[in-house]
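Before any comments, here is the structure.
Nothing in this text is a laboratory measurement; each read-out follows from the coordinates by a stated rule. Worth saying up front: this structure is predicted, and the values here are computed from it rather than measured. Positions of Cβ are backbone-derived with ideal geometry, glycine not excepted, and every protein chain shown enters the neighbour counts.
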Amino acid sequence: MGTIESELKTAFPPVVGPAARVLILGSMPGEASLRQQQYYGHPRNAFWPILGELLGIPPQASYAERCAALVGHGIALWDVIAACERPGSLDQAIRPETVRVNDFGAFFDASPGIVQVVFNGGTAEREYRRRVLPGLKLPHREIARHRLPSTSPAHAALRFEQKRAAWRSLLDWLAV
């Protein structure tokens, strides 16, 4: 059991296209996502239902079709943390001393159209501000940032409708 708990978990590469304008950042994929090798793979995570409603992605769309729809709308998807040790799926269980973040300098260099970073919850924002932002060069450090409520089922303080209403602001940032 100790070896399973101390296992290093590794995140996925970004979902991104050449016309990306908005980058949505999570913290680190949970167990269901890691098993499926898909962003937001937990069946009760509200990410895909919310984005599906906002962007007109059919609920029966495959994961590949969902990702293609995001790319087609100028949305990139990634996580702040590249690797960490975390027993289970909760962000609170991430062992801080094991966190390695993704290379955002290289990402922003390769995706110069990004004008907005959107955090899917507080952990993504906190880890980005603490571990990524200080090392970014200009103009990457000045990219607009906004936190939206976590779509995770662990974030039960808001109902689906409230989360969807907050995430509707994503449409405004896409229109800029």
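Cα convex hull of segment 2-175: mean projected area in nm², to one decimal? Mind dumping the intermediate values first?
Numbers: hull surface 38.2 nm².
Value for segment 2-175: 9.6 nm².
Projecting the Cα positions of 8, 176, 135 onto the charge dipole of the chain (unit charges on Cβ atoms of Lys, Arg, Asp and Glu, taken about the Cα centre) puts 176 furthest along the positive direction. What the Cβ-Cβ distance of residue 168 and residue 10 gives, at R0 = 35 Å and to the nearest 0.05, is a FRET efficiency of 0.60. Of the residues 113, 74, 121, the one that moves most in a GNM of the chain with alpha-carbon contacts below 10 Å is 113.
The ranking of 143, 81 from fewest to most other beta carbons within 10 Å of each one's beta carbon is 143, 81. Its DSSP H runs of at least 4 residues, each contributing -39,500 (n - 2.57), put the calculated 222 nm mean residue ellipticity of the chain at -8000 deg cm²/dmol, to the nearest 500. Contact order, relative form, for segment 1-119: 42 percent (alpha carbon pairs under 8 Å, 6 or more residues apart, mean separation divided by residue count). The dipole here belongs to the chain: it is taken about the Cα centre, uses +1 on the Cβ of Lys and Arg and -1 on the Cβ of Asp and Glu, and is about 340 debye.
Between the listed residues 82, 34, 153, the Cα displaced farthest toward the positive end of the dipole of the chain, a dipole computed from Cβ unit charges relative to the Cα centre, is found at 153. Fewest neighbouring Cβ atoms within 10 Å first, the residues 123, 10, 151 line up as 10, 123, 151.
A simple spin-label model places the labels of residue 63 and residue 146 2.9 nm from each other, with each point 7 Å out along Cα-to-Cβ. Between 79, 109, 91, the GNM of the chain built on Cα springs shorter than 10 angstrom shows 109 fluctuating the most.
Using unit Cβ charges (K, R positive; D, E negative) and no other charged atoms, how large, in debye to the nearest 20, is the dipole of segment 44-93 about its Cα centre?
Details: 3 positive and 5 negative charges, 17 e Å.
Once rounded to the nearest 20, the dipole reads 80 debye.
Once you mark the trypsin sites (Lys or Arg not before Pro) that are in a DSSP loop and have at most 15 other Cβ atoms within 10 Å, what is the longest gap between them in the chain? List each step's numbers first, then the result.
Details: sites that count: 44, 137, 159, 168.
Here the longest run is 45-136.
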